[in-house]
Amino acid sequence: MLFSRKPAALPTRETALPGRAMAIPTAETHFVNGRDLNGDVPAGMKEIVFALGCFWGAERVFWQTEGVYLTQVGYAGGYTPNPTYEETCSGQTGHTEVVRVVYDPKIISLDALLKLFWESHDPTQGMRQGNDIGTQYRSAIYPVDTGDMAAIEASRNAYQAALKGAGRGDITTEIKPLDAFYAAEDYHQQYLAKNPAGYCGIGGTGVTCPMPGAHALD
């Protein structure tokens, strides 16, 4: 989305942009399925936040997946409260572009979502994804339920072994509990449904992720 040179290191809490107290305006409903983007998570469903490069293409990967109830793009992983897109792209917020995924665990398992995540991008590239360079393109998983952490780390270890066997480098994906999710501006939500010919930089390594002891559906 932006190809100019960006900072390669994250800011500290002290040096990050101050942001704002109020949330920035965003869409109210999902452009594809019409569901409420900002309401409570329905009973029985779960959520998790993924970052795998430009969030336009990343979001489409998940909204097209059976069992995913809702997707929403935004910013997470950094310090600046309620950042704008321009602030996030400056590299001075600490945030990365993310997709919030609300899913029905009776239809799709966490393991299936993790496999999709790992295989849909290259998690070894650090502060970039392909030609998209900057801290806002780094790979990350931010679980809302900290009970998901063991499965996430097991999947990372399994994929690291597969990548090593294929001659690839070390996974740089940031994995930590979600601190805060800030919804992105209206025009970013479901961008590729509104603009089918729009830019999508999502692409995997071609290496299959062997899920360790894949969990059955809840």
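Going by the structure shown, is Arg60 on the phi < 0 side of the Ramachandran plot, in contact with an Asp or Glu (Cβ under 9 Å, 6 or more places away or on another chain) and among the basic types (Lys, Arg)? For Arg60, the condition - on the phi < 0 side of the Ramachandran plot, in contact with an Asp or Glu (Cβ under 9 Å, 6 or more places away or on another chain) and among the basic types (Lys, Arg) - is not met. When the residues of the range 135-158 are narrowed to those that are free of Cβ contacts under 8 Å to residues at least 60 places away in the same chain and within 18 Å of Phe62 (Cβ to Cβ), which ends up surrounded by the most Cβ atoms within 10 Å (Cβ to Cβ)? Once the filter is applied, the top-ranked residue is Ser155.
The rows are residues; the columns are (1) touching a strand residue (DSSP E or B) at 6+ places or on another chain (Cβ under 6 Å); (2) over 19 Å from Leu178 (Cβ atoms).
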| site | (1), (2) |
| --- | --- |
| Phe55 | yes, no |
| Arg60 | no, yes |
| Ala76 | yes, no |
| Thr84 | no, yes |
| Thr88 | yes, no |
| Leu114 | no, no |
| Phe117 | yes, no |
| Pro123 | no, no |
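Set side by side, the residues Thr88, Thr15 differ, and just one is within 17 Å of the chain's Cα centre (by Cα) and of a type in the set (Ser, Thr, Tyr), which is Thr88. State yes or no: is Tyr103 closer than 20 Å to Val32 by Cα and surrounded by 17 or more Cβ atoms within 10 Å (Cβ to Cβ)? Yes, satisfied.
For the residues Pro105, Pro11, Pro18, Pro25, the requirement of being touching a helix residue (DSSP H, G or I) at 6+ places or on another chain (Cβ under 8 Å), in a loop (DSSP other than H, G, I, E, B), in contact (Cβ under 8 Å) with a residue 24 or more places away in the chain and not charged (D, E, K, R) singles out Pro25. When the criteria are applied in full, Glu66 meets the requirement of being at negative phi, of a type in the set (Asp, Glu) and touching a residue at least 24 places away in the same chain (Cβ under 8 Å). Leu178 passes every criterion in (1) over 30 Å from Ala21 (Cβ atoms); (2) in contact (Cβ under 8 Å) with a residue 12 or more places away in the chain; (3) part of a loop (DSSP other than H, G, I, E, B) apart from (1). Here is the figure for the range 25-84: residues that are hydroxyl-bearing (Ser, Thr, Tyr), within 16 Å of the chain's Cα centre (by Cα) and crowded, with 21+ Cβ neighbours inside 10 Å total 2.
Any read-out appearing in this document is the output of simple, stated calculations on the displayed coordinates, not a laboratory observation. In this text, all values refer to a predicted model and were calculated from it rather than measured experimentally. Quick reminder, even Gly has a Cβ in these numbers, built from the backbone with ideal geometry, and neighbours come from all protein chains shown.
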